[in-house]
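Everything on this sheet refers to the single structure shown next.
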Amino acid sequence: MIRLHMNENPYPPSENVLRAIKDSINNINRYSELKYADKLKEALASYNNASEKRIILSPGSEFLLRELINIFSGNRKLIMTNPTFFPALKHAIRNARKIIKHQLSPPNFELNREMILEELYEPTLIIVDNPNNPTGKMLLDRKFVMEILKNKDILLLVDEAYYEFVKYTFADLVDSYPNLGIVRTMDKSFSLAGLRIGYLIAGDFFLKEIYDFPRFLPIPTLFAAREALKNPEYMEENIRKILIERKRLESGLKKIGVTVFSGEVNFLLIKCDIPELSTILMDRGIMIKDLSTDWIEGFYRVSVGLPEENDKFLAEMEKITNNPALKW
Amino acid sequence: MIKVGLIVNPISGMGGSVGLKGTDGDAYKKAIELGAKPVVPRRVKDTLSLIKRKDIYFLVAKKQMGEDYVREFSFKYEVVGEIKEKTTAEDTKKIAKELISKEINLLVFAGGDGTARDIYDAIGTSVPVVAIPSGVKMFSSVFALSPYAAAKMIDSYPCEITDKEVLDIDEDAFRNNKLAAKLYGYLKVPKIESLLQQGKESSNLTVAERKRKREIAKYVAERMEKDTLYLLGPGTTLKSVADELKIEKTLLGIDAVYKGKMVGKDINEKELLNLLKKHKKAKIIVTPIGGNGFIFGRGSKQFTPQVLELVGEKNIIVVATQEKVSSLECLRVDTGDMKVDERLKGHIRVITGYKEEMIIEVK
């Protein structure tokens with residue numbers, strides 16, 4: 001199966017990282033030690049130019065978002081977008097006191113900022129992924145973020161899972177705004193999805209409220225993440241390759257008549273009128289993310305794969321779009 | 001073995017290529033005169049060729065209503081009932097009833113809105129259907145999106161089933177470029193979404209549709225004001241609201257509720273206007289039509305521009321399951337009055353669950 005459905009990095013971690021993982025499993029019968037987590041926090045603080053005390057580690061960013069929703073939406077209204085990172089949204093729907101979702105609509109997928117500001121008359125938690133998954137669009141800018149954050153009763157969590165692809169962050173505002181938190185992951189850009197490593201760069205308000213977060217991540221996770229941070233150039237080179245492939249994938253799809261919404265990340269949002277496209281592709285050994293279950297019919301998210309995987313995907317797409325039996 | 005009924009409306013879809021909007025009634029003759037060719041055979045054969053399962057026993061109508069297509073494949077089948085030389089809606093209904101009496105598990109039919117209506121008249125919700133899209137008009141949301149999708153539904157049976165709308169389009173008005181539609185009924189359709197890929201973002205956490213409707217109903221009922229007249233539009237979501245209030249709702253019509261009691265059942269525009277004269281405060285509760293997102297102008301034509309003007313755009317409550325509304329690019333209005341449409345446009349709140357709302361654009 002060619003996996004173009006989960007926004008994974010198609011490139012494996014570096015040799016050094018793989019070696020660190022192998023070395024770490026010699027002591028796998030022992031619990032992780034606090035010092036391993038502290039070392040990783042130190043490395044993440046330096047990578048993000050943030051204070052070490054602001055880094056909170058988590059087994060993946062999904063877990064982090066779920067916990068933050070549990071802690072902070074019980075006595076606050078929650079605002080999220082639809083679409084967004086769907087597991088977090090589903091968790092929110094089940095657990096928040098009250099939830100307001102903002103539907104992002106084609107062709108621009110913009111956030112209605114006025115309606116968000118109008119909502120801020122009571123304690124509220126806002127969670128926005130920036131850039132947004134699956135549209136790939138940047139939904140927030142500094143001016144809007146600061147406008148939100150000047151209300152002390154409002155908490156803002158920005159999910160920057162794709163930060164390394166866009167290099168645009170609000171992490172530097174965390175020192176000035178206690179009500180801001182930045183959610184990150186090393187799963188995608190650093191090729192560590194199977195190890196699940198997420199972290200929060202937390203404003204003071206979040207730090208005060210979060211006290212019993214799991215402090216012991218699995219040893220291989222901690223070792224791999226630390227090793228990966230020693231050589232960010234390896235990650236950057238992979239990202240460069242992915243972004244080149246994304247462009248190629250985009251123009252290939254456009255050539256065969258598929259509508260592509262240009263994003264800034266390691267995936268593409270496409271619209272295709274061939275019903276059940278993802279099932280047809282799955283029958284041909286390729287997985288893409290069908291968004292119709294949670295969002296609008298006909299929209300799909302395709303992660304950028306290895307060049308040969310992208311070639312195969314484009315070739316199958318061409319065959320499918322030329323087959324009248326598959327069309328309406 | 002599963003027993004699958006097959007009914008094909010052999011003339012559906014023929015009007016499209018010659019610029020007619022349907023082949024119901026007299027329009028069929030005109031289509032033939034204009035040289036229209038049948039489109040149904042391709043659709044049906046495409047669907048049959050894409051079915052993967054082998055454990056199907058087809059029960060089919062005679063000749064061009066079923067037998068002609070299934071004969072070309074290796075399926076086991078038997079022919080059911082008699083049909084006239086020139087088939088009509090009556091044949092569709094008669095065969096559908098006969099198939100039900102033979103205890104089929106699933107009914108596959110090919111046609112358009114008119115055929116869907118006939119099937120609904122004949123069998124209601126007694127068995128799930130798979131509708132192969134081949135009509136000119138397919139405003140009803142019962143239709144599979146393609147022959148491929150229809151085949152997948154057949155392959156995946158038994159699976160989760162959902163209710164989809166059958167719309168009644170006034171053909172004469174439609175041919176004159178006016179779309180007048182009302183909700184005609186619901187058919188049961190296999191839910192194909194559940195077939196889609198597994199993964200960490202799979203939707204197995206989605207709460208069952210019916211439960212979601214109850215949650216919406218509870219939230220709406222809790223917020224109802226005593227001194228306000230509520231006009232409940234058609235649809236199963238609104239029926240859940242009525243159930244919550246312990247009143248009996250007309251599924252396809254508009255009912256009026258005041259102080260928790262029914263004060264108007266299946267009312268028309270005139271009756272609505274009369275009620276609005278009597279009550280100072282009134283609110284409309286509606287749900288969009290799945291797929292196209294119309295809240296006014298399709299499905300509930302009793303809410304005329306005049307009624308909407310009297311109620312006021314601030315007093316419109318939209319309800320829909322998360323699943324339904326998040327699948328829409330926007331909500332739509334087409335009341336027939338540009339000024340009223342204009343006032344309804346912008347962003348609106350939709351109640352999607354208990355203390356759960358969605359903000360979406362109205363176009």
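The values are calculated or read from the model by the stated rules, or taken from the named source; none is laboratory data. Quick caveat: nothing in here was measured; it's all calculated off a predicted structure. We place every Cβ from the backbone using ideal geometry, glycine too, and count neighbours over all the protein chains shown. Remember, those area values only see protein heavy atoms, side chains included, never the ligands or the DNA or RNA. Shrake-Rupley method; radii C 1.70, N 1.55, O 1.52, S 1.80 Å.
In the stretch B:86-168, inverting the average of 1/r over every pair of distinct C-alpha atoms gives 12.9 Å as the Kirkwood radius.
Computed from protein heavy atoms with a 1.4 Å probe, the total accessible area buried between B and A is close to 4100 Å². The accessible-area ordering, largest first, of the residues B:104, B:317 stands as B:317, B:104, per a 1.4 angstrom probe.
3J(HN,Hα) along the stretch B:100-108, derived from phi through the Karplus expression 6.51 cos²θ - 1.76 cosθ + 1.60 where θ = phi - 60°, amounts to 4, 5, 8, 6, 6, 8, 8, 10, 9 Hz, with x in place of Gly and Pro. Rounded, prolate or oblate: which fits the stretch B:209-362, taking a ≥ b ≥ c as square roots of the Cα gyration tensor eigenvalues, rounded meaning a/c under 1.5, else prolate when a/b beats b/c? Oblate is the answer for the stretch B:209-362, as a/c is 1.5 or above yet b/c matches or exceeds a/b. Annotation: Cα Rg of the stretch A:271-328 relative to the compact-globule expectation 2.2 N^0.38 Å equals 1.08. Determine, at each q value in 0.07, 0.16, 0.18 (inverse angstroms), the log₁₀ of I(q)/I(0) that the Debye formula gives when each Cα of the stretch A:15-231 is one equal point scatterer. Once normalised to I(0) and log-transformed, intensities are -0.21, -1.06, -1.31.
Annotation: per residue accessible area for the stretch A:15-231 equals 41 Å², rounded to a whole number [probe 1.4 Å, protein chains only]. Rolling a 1.4 Å probe over the protein chains gives residue A:51 an accessible area of about 50 Å². Taking B:184, A:211 and ordering them by how much accessible surface each has at a 1.4 Å probe, largest first, produces A:211, B:184. The trypsin sites (Lys or Arg not before Pro) of the stretch B:224-264 that DSSP puts in a loop, and whose beta carbon has at most 14 other beta carbons within 10 Å, are B:226, B:246, B:259.
Computed extension gain for residue A:213 through residue A:144, at 0.36 nm per residue and net of the alpha carbon distance, reaches 21.8 nm. To the nearest Å, what is the center-to-center distance of the stretch B:232-303 and the stretch A:209-266, using C-alpha atoms only? The stretch B:232-303 and the stretch A:209-266 have Cα centres spaced 50 Å from each other. Take each residue in B:342-353, count the other chain C-beta atoms within 10 Å of its C-beta, and the mean is 2.
Taking 7 Å steps out from each Cα toward its Cβ at residue B:338 and residue A:322 produces label points 4.7 nm apart. For the stretch A:1-45, the Kirkwood hydrodynamic radius comes to 13.3 Å, computed from all pairs of different C-alpha atoms. Taking only protein heavy atoms and a 1.4 Å probe, the accessible area of the protein assembly as shown is 49% carbon and sulfur. Residues whose amide H falls under 5 Å from that of residue B:7, counting only those 5 or more places apart or on a different chain, are B:108, B:109, B:110, with hydrogens built in the peptide plane.
Report the local net charge at residue A:55: Lys and Arg +1, Asp and Glu -1, summed over other residues whose C-beta lies under 11 Å from its C-beta. Residues near residue A:55 contribute +1 overall.
With Cα atoms as the point set, the protein assembly as shown shows a radius of gyration and Dmax of 27.8, 86 Å. Using a 1.4 Å probe on the heavy atoms of the protein chains only, list every residue of the stretch A:79-93 that has 10 Å² or more less accessible area in the complete assembly than in its chain alone. Residues passing the criterion (a loss of at least 10 Å², heavy atoms only) are A:82, A:85, A:86, A:87, A:90, A:93. The Cβ shell under 10 Å around residue B:129 holds other residues with a net charge of +2, Lys and Arg each +1, Asp and Glu each -1. When the Gaussian network model of chain A links Cα atoms closer than 10 Å, the mean-square fluctuations of A:213, A:261, A:313 top out at A:213.
Ranked by solvent-accessible area (1.4 Å probe, protein heavy atoms only, all chains present), the residues B:120, A:31, B:230 order from largest to smallest as A:31, B:120, B:230.
When chain A is treated as a GNM with alpha-carbon contacts under 10 Å, the residue of A:161, A:315, A:224 showing the greatest mean-square fluctuation is A:315. With contributions of -39500 (n - 2.57) from each DSSP H run of at least four residues, the per-residue ellipticity at 222 nm computed over chain A stands at -12000 deg cm²/dmol.
Seen from residue A:141, the other residues with C-beta closer than 11 Å to its C-beta sum to a net charge of +2, counting Lys and Arg as +1 and Asp and Glu as -1. Each residue of the stretch B:259-269 was assigned a 3J(HN,Hα) from its phi angle through the Karplus expression (A = 6.51, B = -1.76, C = 1.60, θ = phi - 60°), giving 6, x, 10, 6, 10, x, 10, 6, 8, 9, 4 Hz with x at Gly and Pro.
Using bins of 10 Å that start at zero, the share of Cα-Cα pairs per bin across the stretch A:202-300 amounts to 12, 26, 23, 26, 12, 0, in whole %.
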